[in-house]
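J.: Once you've had a glance at the structure underneath, I'll fire off some questions.
What follows draws every value from the coordinates through simple rules; no lab data is involved. Bear in mind the structure is a predicted one, so any value in this text is a computation, not a measurement. Glycine gets a Cβ as well: all are built from the backbone with ideal geometry, and neighbour counts include every protein chain shown.
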Amino acid sequence: MANERDYPLPRGAANIWIASDVIWLGFDGHSTYFPATLKGLQLLLATLKERTKSTVIGTNGQPTQYQVERTLQRDKRWNEMLRIMQGVDEGARKEERESEEFLKDLGLL
């Protein structure tokens, strides 16, 4: 198995890892994530190909999270995932409000 000491890493090298339903891509100094969907994988591969041309932040070879999200705006699965995540957040806030109200009724808050 080859390692970093065997040869220098290419200029466009990046770290990749999966966490839950997203794939993270770590660059020099920052990282961004892509959804684990077909469109997300296509965008991730396109980004890796662009790394050989440019590794400056804000370019196709090293996009910001905003650029990735703008590109995915028309992806149906990405938008469904965002709606689900927002619903979970709203549900958690509602439960927290109800819990606080219950504790106030008991005189504990």
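J.: Just one of (1) 13.0, 35; (2) 20.2, 67; (3) 14.1, 43 is Rg and Dmax of the Cα atoms in Å as worked out from the coordinates here. Which one is it?
T.: (2)
J.: How large is ³J(HN,Hα), in whole Hz, for each residue of region 22-36 in order, when computed from phi with the Karplus curve 6.51 cos²θ - 1.76 cosθ + 1.60 and θ = phi - 60°, using x for Gly and Pro?
T.: Along region 22-36, the couplings run 10, 10, 8, 10, x, 10, 6, x, 7, 9, 9, 10, 10, x, 7 Hz.
J.: How far, in degrees from 0 to 90, does helix 38-50 lean away from the longest principal axis of the Cα atoms of the chain, to the nearest 10?
T.: It works out to around 40 degrees.
J.: Name the residue farthest towards the positive end of the dipole of the chain from the options L82, T47, I16, assuming +1 on Cβ of Lys and Arg, -1 on Cβ of Asp and Glu, about the Cα centre.
T.: Positive-end residue among those listed: T47.
J.: Give me W24, W78, W17 ranked fewest to most by other Cβ atoms within 10 Å of their Cβ, as a rough exposure proxy.
T.: W17, W24, W78
J.: Does anyone have the angle between helix 76-105 and the longest principal axis of the chain? Alpha-carbon axes, 0 to 90°, nearest 10?
T.: 30 degrees
J.: Amide H of I23 versus every other amide H placed in the peptide plane: which residues, excluding those fewer than 5 positions away on the same chain, fall under 5 Å?
T.: F34, A36
J.: Length gain on complete extension for the stretch L109 to E80, per 0.36 nm per residue less the alpha carbon to alpha carbon distance?
T.: Answer, rounded to one decimal: 6.7 nm.
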